[in-house]
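Here it is, the structure in full.
The values are calculated or read from the model by the stated rules, or taken from the named source; none is laboratory data. Since the structure is predicted, the reported quantities are computational estimates derived from the model, not experimental observations. Every residue, glycine among them, receives a Cβ derived from its backbone with ideal geometry; neighbour counts consider all protein chains shown. Ligands, DNA and RNA are stripped out before the accessible areas are found, and what is left, the full protein with its side chains, is counted by its heavy atoms. Shrake-Rupley method; radii C 1.70, N 1.55, O 1.52, S 1.80 Å.
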Amino acid sequence: MDPENIKRMIEQGLEGSQASVVGDGRHFEAVIVCDAFAGKSMVEQHQMVYRALGNNMDEAIHALSMRTLTPEQYEQQQS
Amino acid sequence: MSVQNQIDEQVKSNKIMLYMKGTPQFPQCGFSGQAVQILKACGAEFGSFDVLSDPDVRQGIKEYSNWPTIPQLYIDGKFVGGADIMTELYQNGELQKMVSAAN
């Protein structure tokens, strides 16, 4: 279980998403940008990511902290 | 009484309810400890339940909210989020408003 693996799982499972994942092997932090997040609550956005990870990634789910952003929010954050 | 009813009752009978690993005095997991710190920083009075003491609740709460991890925070009977969302809500001042409205 490494950041690359988690990034691929999220991006494959959540269409149109861009994930950047860092971690020390025990804890992982992900920033996920996806336009499908628009209009969704934070809880719903995170549930979308959990669904993308699927149930064979239980260990990853427990070790993952995440921030979910729409493309607009991501741009605002960058400026 | 099914575990889902038990949870439903607990969630509805506490204005602010935190399902966590361990207790507020002795959290048994970093994320649970973080959740307790945030609630304390908001000056919240809250009920808590140690899911390590009851495997049925530990599994049942995940089905109840369709959320795979612990801790889980409920305010006025509604699922608010886990440690990440609590942190983000706290940072943007939203959680303080929700807590004072509930307490």
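From largest accessible area down, sort B:1, B:98, A:66; use a 1.4 Å probe on the protein chains. Could you put the intermediate results ahead of the total?
Numbers: B:1 155, B:98 55, A:66 5 Å².
Descending order: B:1, B:98, A:66.
In debye, nearest 20, what is the charge dipole magnitude of chain A about its Cα centre with +1 on Lys and Arg Cβ and -1 on Asp and Glu Cβ, if you could check? Before the final figure, lay out each step's value.
Values: 6 positive and 12 negative charges, 24 e Å.
Dipole of chain A, to the nearest 20 debye: 120 debye.
Then there is this: How big is the convex hull of the Cα atoms of chain A, per residue, in Å³? Mind dumping the intermediate values first?
Values: hull volume 6.4 nm³, N = 79.
About 81 Å³ per residue, rounded to a whole number.
Report, in whole Å, the centroid distance computed from the Cα atoms of the range A:1-38 and the range B:15-76.
The two parts, judged by their Cα centres, are 25 Å apart.
Then there's this: Report the local net charge at residue B:1: Lys and Arg +1, Asp and Glu -1, summed over other residues whose C-beta lies under 12 Å from its C-beta.
On the way: positive: none; negative: B:8, B:9, B:56.
Here the charged neighbours net out to -3.
Using the Karplus curve 6.51 cos²θ - 1.76 cosθ + 1.60 with θ = phi - 60°, work out ³J(HN,Hα) for each residue of the range A:8-21 in order, rounded to whole Hz, and write x for Gly and Pro.
5, 4, 5, 5, 6, x, 10, 4, x, 9, 10, 10, 10, 10
Still on this structure, please answer the following. Using only helices, what value at 222 nm comes out for chain A when you add -39,500 (n - 2.57) per DSSP H run of length 4 or more and divide by the total residues, to the nearest 500 deg cm²/dmol?
Only helices count here, giving -13500 deg cm²/dmol.
Karplus couplings for the range B:70-76 from phi (6.51 cos²θ - 1.76 cosθ + 1.60, θ = phi - 60°), rounded to Hz, Gly and Pro as x?
10, x, 9, 10, 10, 10, 6
Compute the signed sum of charges (Lys and Arg +1, Asp and Glu -1) over the other residues within less than 15 Å, Cβ to Cβ, of residue A:24. Each step should come with its number before you reach the end.
Numbers: positive: A:26; negative: A:2, A:4, A:29, A:59.
Computed value for this residue: -3.
Could you tally the net charge around residue A:33, taking each other residue with its Cβ under 11 Å from the Cβ of residue A:33, Lys/Arg +1 and Asp/Glu -1?
Numbers: positive: A:67; negative: A:11, A:35, A:72, A:75.
Net charge in that neighbourhood comes out at -3.
Can you list the HN-Hα couplings for the range A:59-69, worked out from phi with the Karplus curve (6.51, -1.76, 1.60; θ = phi - 60°), rounded to whole Hz and with x for Gly and Pro?
Using θ = phi - 60°, the values come out as 4, 5, 4, 6, 9, 9, 9, 9, 10, 10, 9 Hz.
Divide the volume of the convex hull of the Cα atoms of the protein assembly as shown by its number of residues and quote the answer in cubic angstrom per residue. Please list the in-between numbers first.
Details: hull volume 22.7 nm³, N = 182.
Looking at the protein assembly as shown, the number lands at 125 Å³ per residue.
Now for a separate question. How high is the relative contact order of chain A, in percent, counting Cα pairs under 8 Å that sit 6 or more residues apart? Each step should come with its number before you reach the end.
Details: 106 pairs, mean separation 26.5, N = 79.
The normalised contact order for chain A reaches 34 percent.
Tell me which residues come under 5 Å, amide H to amide H, from residue A:64 once H is placed; ignore anything under 5 positions away on its chain.
Under 5 Å from the amide H of residue A:64: A:28.
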